[in-house]
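All remarks here apply to the structure that follows.
The values are calculated or read from the model by the stated rules, or taken from the named source; none is laboratory data. Values in this document were obtained by computation on a predicted structure and should not be read as measured data. Backbone-built Cβ (ideal geometry, glycine too); neighbour counts: all protein chains shown.
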Amino acid sequence: MGNTIRTLVAFIPADRCQNYVVGDLREMPLDRMVDLSGSQLRRLPVVVCSFRGLVKLYLSDNHLSSLPPELGQLQSLQILALDFNNFRALPQVVCTLKQLCILYLGNNKLCDLPRELSLLQNLRTLWVEANYLTRLPDVVCELNLLRTLHAGSNALRLLPGQLWRLRELRTIWLSGNLLTDFPPVLLHMPFLEVIDVDWNSIRCFPSLAHLSGLKLVIYDHNPCRNAPKVAKGVRRVGRWSEETPEPDPRKARRYALAEEDSQEAQLPALPPPLLPTTS
């Protein structure tokens, strides 16, 4: 009965009802993490924004389409998960959280990203998969520390030519887009380690043998006439790559993500939380 009431109340956007949904959350957890994923939220309870030392905030799988301006008080936030919501535009307040390292925006209704995203100069990982992007916004090219970009399952036909400026980028996921040619800019990014162009419409692949940092390329499910040439030791997943030890794209992605998961563990060290003083 309690869960049924909580579900019904979640559909009422009033602050009092939304505070009821999050239960007894009245003070910042000792681990400085709040996870409200799957809570049926339609509005972020402002009480969460009072936890100024918060480092991780997970709001995945809700019904959010906006965020309160009070979110800007969370200037220690490093991980913010907004995936599986109803955002048609990224709230400007997110761009004020300058300590963010990881931002999850997948499975929303985003058609673009704001210019102010460039303010997030500590961002290492950006997930924008499964949105309505017809082009990769130019502002992404200004995220100088970006290491991982997930932009699969959109409607991308090309990539911006300035993407090569992202010298720290190591992994780019472009599966499930509308690419008809291998993005030329990627040929000028020898520091890339993982390239995923699975499920596109690429008919001919150029040689990738000169990409000295490349470890894995996934090109399966393209109407291609050739396999991309790669340097010795590089894993390939796709047609005519019988020598590849990982023929299953899902296994190959798990291999790549296992290395990527270490990023969260390498977030900047945090000082101990401040304890309230007594007079």
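Here are the numbers for this structure:
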{"item": "Test for residue 175: is it farther than 16 Å from residue 230 by Cβ, within 19 Å of the chain's Cα centre (by Cα) and among the small types (Gly, Ala, Ser)", "result": "yes"}
{"item": "Those residues of region 183-216 which are aromatic (Phe, Trp, Tyr) and within 16 Å of residue 146 (Cα to Cα), in sequence order", "result": "191"}
{"item": "Region 119-147, residues that are touching a Phe, Trp or Tyr at 6+ places or on another chain (Cβ under 8 Å) and not in a loop (DSSP other than H, G, I, E, B)", "result": "127"}
{"item": "Residue 77 farther than 20 Å from residue 183 by Cβ, surrounded by 18 or more Cβ atoms within 10 Å (Cβ to Cβ) and touching a residue at least 12 places away in the same chain (Cβ under 8 Å)", "result": "yes"}
{"item": "Flag if residue 186 is outside any loop (DSSP other than H, G, I, E, B) and either surrounded by fewer than 20 Cβ atoms within 10 Å (Cβ to Cβ) or of a type in the set (A, V, I, L, M) (or both)", "result": "yes"}
{"item": "Qualifying residue in region 149-156 (condition: part of a strand (DSSP E or B) and in contact with a His (Cβ under 9 Å, 6 or more places away or on another chain))", "result": "no"}
{"item": "Residues that are over 13 Å from the mean Cα position of the chain (by Cα) and farther than 17 Å from residue 176 by Cα, drawn from region 100-112", "result": "112"}
{"item": "Counted residues, region 167-181 - those being surrounded by fewer than 22 Cβ atoms within 10 Å (Cβ to Cβ) and either in a strand (DSSP E or B) or of a type in the set (A, V, I, L, M, F, W, C) (or both)", "result": "2"}
{"item": "The lone exception for residue 65 - which of (1) buried (at least 19 other Cβ atoms within 10 Å of the Cβ); (2) modelled with pLDDT of 95 or more it fails", "result": "(1)"}
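Rundown of residues vs (1) of a type in the set (S, T, N, Q); (2) closer than 17 Å to residue 138 by Cβ; (3) outside any helix (DSSP H, G or I), yes/no style:
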site: 89; (1), (2), (3): no, yes, yes
site: 94; (1), (2), (3): no, no, no
site: 98; (1), (2), (3): no, no, yes
site: 106; (1), (2), (3): no, no, yes
site: 117; (1), (2), (3): no, yes, no
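To keep it simple, each residue is scored yes or no on (1) basic (Lys, Arg); (2) on the phi > 0 side of the Ramachandran plot; (3) more than 17 Å from the chain's Cα centre (by Cα).
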| position | (1), (2), (3) |
| --- | --- |
| 54 | no, no, yes |
| 57 | no, no, no |
| 60 | no, no, no |
| 67 | no, no, yes |
| 73 | no, no, yes |
| 76 | no, no, yes |
| 84 | no, yes, no |
| 87 | no, no, no |
| 90 | no, no, no |
